[in-house]
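The values are calculated or read from the model by the stated rules, or taken from the named source; none is laboratory data. What you are looking at is a predicted structure, and each value in this text was computed from that prediction instead of being measured. Glycine gets a Cβ as well: all are built from the backbone with ideal geometry, and neighbour counts include every protein chain shown. For accessibility, only protein heavy atoms count, side chains too; no ligands or nucleic acids. Shrake-Rupley method; radii C 1.70, N 1.55, O 1.52, S 1.80 Å.
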Amino acid sequence: MVNPKISHRPIICYRPIRPSDLEILEQLHADVFPIRYESEFFQNVVNARDIVSWAAVDRSRPNGHNDELIGFVTARIVMAKDSEIGDLLRYDPLKPDQTLVYILTLGVVDTYRNLGIATALIREVIKYASSIHMCRAVYLHVISYNNPAIHLYRKMAFKCIRRLQGFYLINSQHYDSYLFVYYVNGGRSPCSPLELVTAVVSYMRNGLRSVTARLCKSEEKPKWPKCRETHSLISIQNKRNHTTECTSYECV
């Protein structure tokens, strides 16, 4: 697909963000986001200090700009038990080292939008998270009025699990945020209240059926098989175990 705003056919490649990208990275964040990021954040990104990142570049750009950022994504690893979505994960408490990957920022230059670059950058993050054995999910926040981003995350199978009132403060005005999660490596949410009620009802229903069946059996004349060696009488009874299973919870 060729963007009509671009005079050439782009050749998009992806690579880690490097120290030489510092100036353009700061400029792109200023252009894309309505909030200001501290210089320490950008230093941590370009030097890979507790932050992982990917850059999108157009190798076909002329005049020495073929390695200049036209898109970016930054993320960091957080401990699942200490995260804000710890209560939304089903994980083994005996494994406290389970982690998550939190997407910090994601952006694409205006002239390069609608080319699938943001999707490719998110896939890089998902692939990275999936390669970490103890990672259980990728998650992020998105401001409530950013409909293109919300549509993108839903299209990529992210689950909207929470709306946070007044999460962002921009120019003295509060805006809500949506919390999106993409589960990896078997990560999943705990049972919803509805599923718990369904499980209890199912258990009680199965239990009632079991009691009814036993009462019916007790009314029948029991068969007493004869033991050849001792000539005693043996009563035989089968017991059934009833189990319930909780399915995954999904809020869209």
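Estimate the FRET efficiency between E68 and H151 by the formula 1/(1 + (r/R0)^6), using the beta-carbon distance for r and 25 Å for R0, to the nearest 0.05. If you can, show how the numbers build up before the last one.
Values: r = 28 Å, r/R0 = 1.11.
That pair, E68 with H151, gives E of 0.35.
Could you tell me the calculated FRET efficiency between V32 and K95, based on Cβ-Cβ distance and R0 = 35 angstrom, to the nearest 0.05? Numbers along the way, then the final one.
On the way: r = 37 Å, r/R0 = 1.06.
For R0 = 35 Å, the calculated efficiency reads 0.40.
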Q) Over segment 7-56, what percent of the accessible surface lies on carbon and sulfur atoms, probe 1.4 Å? A) 50
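Whenever you get a sec, compute what percent of the accessible area on segment 136-181 sits on carbon and sulfur atoms (1.4 Å probe). Numbers along the way, then the final one.
Values: 1170 of 2420 Å².
Carbon plus sulfur share of accessible area: 49 percent.
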Q) Over segment 28-126, with a single point scatterer placed on each C-alpha, what log10 of the ratio I(q)/I(0) does the Debye formula yield at q = 0.15 1/Å? A) -0.72
**Q.** Label-point separation, S144 to D176 (7 Å along Cα→Cβ), nm
**A.** 0.3
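Please state the shape class of segment 1-76: rounded when a/c is under 1.5, otherwise prolate if a/b exceeds b/c and oblate if not, all from the C-alpha gyration tensor.
Values: a/c = 2.21, a/b = 1.74, b/c = 1.27.
Prolate is the answer for segment 1-76, as a/c is 1.5 or above and a/b outweighs b/c.
For I12 and D82, what does the FRET efficiency come to when R0 = 25 Å and r is the distance between their Cβ atoms, rounded to the nearest 0.05?
According to the calculation, E is roughly 0.10.
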Q.
I want to make sure I understand the PRE zone here: with the label point 7 angstrom from the Cα of I132 toward its beta carbon, which residues in segment 101-121 have backbone N atoms less than 19 Å away?
A. 101-106, 121
